[in-house]
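Encoded as structure tokens, the structure appears first; notes follow it.
The values are calculated or read from the model by the stated rules, or taken from the named source; none is laboratory data. Just so it is clear, the model here is predicted, and its values are computed rather than measured. Positions of Cβ are generated from backbone atoms using ideal geometry, with glycine treated the same way; all protein chains shown enter the neighbour counts.
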């Protein structure tokens, strides 16, 4: 997925998540009011006269819409990541339906009784930003259309300029207030996403950190692995020795160099993580026949960096492509890549004759 698209989706998820309880409470109030009005038609049928059945249909329609929306929200609450896909369609439709409902009653009152009370439509115009998250542009279109209709209805039943002036002032007020509220929701969600992004970034290298790695692995494990998926586990050699002999500043320089080499070789092919002090992971999108060439480039990149910087940059790595394990999940690819990386690590220290703590081929979760 494109990073910008992924970020936008996370912002929308945050907005809908924060709007969930407010939407549920507001719709519950709407449902309760419609139940009250249905009971009122039974208690005081004289008020509605021959049009009682029509008004009941109005109340039943809105009650049904509110209950369906509540049930839909309860259902999709279990699937937060896809919630915005549902609601980006449902919310504008529900908002338009609510305004149409309000305008229907207002118009019916005007035609049958000669009295038009815009209170119901005005109330919805303020309730909609709370009940349904809409983009400010969508909200403006829906409310402007509803306001034009209510303005027309009012001109049908009132020749006085006073109500028109009051209505115009309220229209401006509701648009400014509603748009400001929706923009505030978006800004808050963007800030939350930015804080999450910062929390998932390794400060030294700029790579996603272990937290981001775990989140991405969990997502990938829930989906069928792409055919060109490959998992690369990398562990730097002799970082501890550099820290002990030359200080942590030299060690940090080595880590940054390792990250730069990884980025230069694999940056266009995958997502890179620093998941520990000297541990990196790259989740690649590459064919199996490309991997050897990429790894050879990585070896040359490390050698070139070492020559330019007067420090030895070396790493043990293990790589597994999905073609090797076609029916296995990303976590199983990770386990095998880890095993190969630990074997390469042990071989490096054995061949170099340096002492090294025992590396156990335990896979990461």
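Right, residue 114: in the same structural domain as residue 24 (by TED's automatic domain parsing), under 29 Å from residue 54 (Cα atoms) and at pLDDT below 85 or not? Full working, then the answer.
Values: in the same structural domain as residue 24 (by TED's automatic domain parsing): yes; under 29 Å from residue 54 (Cα atoms): yes; at pLDDT below 85: yes.
Spelling it out, residue 114 is indeed in the same structural domain as residue 24 (by TED's automatic domain parsing), under 29 Å from residue 54 (Cα atoms) and at pLDDT below 85.
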Practice problem: Collect the residues in the stretch 49-85 that are at pLDDT below 80 and surrounded by 15 or more Cβ atoms within 10 Å (Cβ to Cβ), keeping them in residue-number order. | Solution: 76, 83, 84, 85
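Look through the stretch 100-120, keep the residues that are outside any helix (DSSP H, G or I) and surrounded by fewer than 18 Cβ atoms within 10 Å (Cβ to Cβ), and return whichever of them is nearest to the chain's Cα centre (by Cα).
In the first step, residues of the stretch 100-120 are kept if they are outside any helix (DSSP H, G or I); the result is 114-118.
Subsequent filtering for residues that are surrounded by fewer than 18 Cβ atoms within 10 Å (Cβ to Cβ) retains 114-115, 117.
Numbers: 114: 49, 115: 47, 117: 41 Å.
Residue satisfying both the conditions and the ranking: 117.
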Quiz prompt | Unmet requirement for residue 276, which otherwise passes all of (1) touching a residue at least 60 places away in the same chain (Cβ under 8 Å); (2) buried (at least 18 other Cβ atoms within 10 Å of the Cβ) | solution = (2)
Quiz item: Considering the stretch 296-330 alone, what residues qualify as being closer than 18 Å to residue 237 by Cα, in contact (Cβ under 8 Å) with a residue 60 or more places away in the chain and surrounded by fewer than 20 Cβ atoms within 10 Å (Cβ to Cβ)?
Solution: 311, 312, 314
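Residue by residue, here is whether (1) surrounded by 14 or more Cβ atoms within 10 Å (Cβ to Cβ); (2) in a loop (DSSP other than H, G, I, E, B); (3) modelled with pLDDT under 75; (4) under 27 Å from the mean Cα position of the chain (by Cα) holds:
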residue	(1), (2), (3), (4)
122	yes, no, no, no
134	yes, yes, no, yes
137	no, no, no, yes
151	yes, no, no, no
154	yes, no, no, no
162	no, no, yes, no
168	no, no, no, no
172	no, no, no, no
179	yes, no, no, yes
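Suppose the filter is without any contact (Cβ under 8 Å) to a residue 60 or more places away in the chain and closer than 26 Å to residue 331 by Cα; does residue 174 pass it? Please lay out each step first, then the result.
Details: without any contact (Cβ under 8 Å) to a residue 60 or more places away in the chain: yes; closer than 26 Å to residue 331 by Cα: no.
It is false that residue 174 is without any contact (Cβ under 8 Å) to a residue 60 or more places away in the chain and closer than 26 Å to residue 331 by Cα.
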Quiz item: Residues of the stretch 256-265 being in contact with a strand residue (DSSP E or B) (Cβ under 8 Å, 6 or more places away or on another chain) and surrounded by fewer than 22 Cβ atoms within 10 Å (Cβ to Cβ), which ones?
Solution: 259, 263
Quiz item: Taking the stretch 14-65 as the region of interest, how many residues are over 34 Å from the mean Cα position of the chain (by Cα) and farther than 18 Å from residue 105 by Cβ?
Solution: 3
Quiz item: Is it fair to say residue 98 is within 25 Å of residue 141 (Cβ to Cβ) and modelled with pLDDT of 85 or more?
Solution: yes
Quiz item: Within the stretch 282-289, is there a residue that is surrounded by 15 or more Cβ atoms within 10 Å (Cβ to Cβ), in the same structural domain as residue 315 (by TED's automatic domain parsing) and either out of contact with any strand residue (DSSP E or B) (no Cβ under 7 Å at 6 or more places or on another chain) or on the phi > 0 side of the Ramachandran plot (or both)?
Solution: no
